[in-house]
Amino acid sequence: SSNKNPYHCGTTDGTSIFHLAEGPNQAVYARTIMPLYILRYTPATRKLENLGRGGPDDGEAYSFGHCDGKLYYGTYRIYKTADGAESWSAISTNLTNGNQGGNYGTITTIAVAPSNPSVLYVGTDDSNVWVTQNGGGAWPNVSTALPNRWVTRVAVDPGMAGTAYVTFSGLRWNE
């Protein structure tokens, strides 16, 4: 970074940083894992805000995705904000099999298609992969031929919104 005066915002286990928009007054968002928080840093004011768990209080905020000025928040369902994390709206129902056996019923990854921000892919700790092609209106499950393993990451092909790559963990809590 060319910033000669960086702002130290603390230390945590497992942090992801998201820029929702470019510009000197645009906020930068971070998701921490341990403890689990959403942080918002505004460069113009050098203000760091802890937004707490961030979205609706219906489960652990495990995964985030972003694109086109929107931030997506995953618990067992997907929430979206377009106003800088001031308010959140659910754009899915429960996309997991629930907290059972070797799973927590948690969305583990969210990927937004760079070529079409209405296309989102979601992976869960109970082997589900879902896709919406209309910004959350419908979520077909596309994981029938995939391994029965914890989904660790979904990445969307930059030029083809209909192509996604999925990685899995070999870990299963009940094995």
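Summary of values
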quantity	calculated
Peptides 105-116, 130-141 ordered by average Cβ neighbours within 10 Å, highest first	105-116, 130-141
Among 148-156, 73-81, the order from most to least packed when residues are scored by Cβ within 10 Å on average	73-81, 148-156
Estimated FRET transfer efficiency when R0 is 45 angstrom, pair residue 99-residue 26 (beta carbons, to 0.05)	0.75
The stretch 81-133: Cα Rg divided by the 2.2 N^0.38 Å rule of thumb	1.28
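Coordinate-derived values only; no laboratory data. Remember, it's a predicted structure, so these values are computed and weren't measured experimentally. Every residue, glycine among them, receives a Cβ derived from its backbone with ideal geometry; neighbour counts consider all protein chains shown.
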